[in-house]
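Q: Have a look at this one.
Values quoted throughout were computed directly from the atomic coordinates according to the rules given, and no laboratory measurement underlies them. Quick caveat, the model's predicted, so the values are computed rather than measured. Backbone-built Cβ (ideal geometry, glycine too); neighbour counts: all protein chains shown.
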Amino acid sequence: MAYKKVEQFEDRITSGLIDHYRDALELLGENPAREGLLKTPERMAKAMQYLTQGYQMDARAILDSAKFHEEVSEMIIVKDIELYSMCEHHMLPFFGKAHIAYIPNGYITGLSKIARVVDVFSRRLQVQERLTTQILGAIKESLQPMGVAVVIEASHLCMMMRGVQKQNSVTTTSAFWGEFEKAETRSEFTKLISSKLS
Ligand SMILES: [Zn+2]
């Protein structure tokens, strides 16, 4: 019974979105009744629900699900994690790569979970700066490591397609905590993420 209710609720959200997107197409000067656009509002609704599914995901639970005790104190780096998000100012995509490192303090987690945390926070309306610190915060809370570092390099379609049209600009944001606040540890990390072989 409870399941049925949830399903009906989701149907209501989807159909609400479909109606809004149909109106939006018309307001933009299109004819939502022409053949090519008939199913577009429905596709837009589903695409947007997919791209914002991070609101329903729990980063902490994902990290905790693969967390186990391990006496390692070396820096663990996951680099070049693909990232797709949407800027909250224009609802246009920004995309690029995330590089994440942490120094364990008794606990580690699955490497794939680190990549999934990127999805949890990127599949929402975002600003790159907040995305960076939210990823850091989740890893810090779950693993309570000695340090966490997050660097994100991304291109923003709102800059590339409109306004200033800076085609090749890449925005880099970073957040460092704990051991990574020390210049020495931070520079080891930056060296490792910029080398092609590591
Ligand atoms: Zn924007």
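Q: For a quick protection proxy, order the peptides 25-32, 12-19 by their average other-Cβ count within 10 Å, most packed first.
A: 12-19, 25-32
Q: Largest first and to the nearest Å, give the Cα extent of region 100-148 along each principal axis.
A: Result for region 100-148: principal-axis Cα extents of 34, 19, 14 Å.
Q: I need two numbers for region 1-113: Rg to one decimal and Dmax as a whole number, Cα atoms only, in Å.
A: Both quantities, over Cα of region 1-113: 20.6, 63 Å.
Q: Once you place label points 7 Å from the Cα toward the Cβ at R60 and R43, how far apart are they in nm?
A: With each label point 7 Å from Cα toward Cβ, the separation is 4.0 nm.
Q: Could you give the alpha-carbon Rg of the chain over 2.2 N^0.38 Å, rounded to two decimals?
A: 1.23
Q: Using only the alpha carbons of region 2-51, what is the convex hull's orientation-averaged projected area in square nanometres? List each step's numbers first, then the result.
A: Details: hull surface 15.1 nm².
So the Cα hull casts an average projection of 3.8 nm².
Q: With each label point set 7 Å from Cα along the Cα-Cβ vector, what nm distance links S112 and R12?
A: Between S112 and R12, the simple spin-label model gives 3.6 nm.
Q: Quick one: of K79/K113; K46/K97; K46/K113; K67/K182; K97/K191, which pairs are farther than 23 Å apart, Cα to Cα?
A: Table pairs above 23 Å Cα-Cα are K46/K97; K46/K113; K67/K182.
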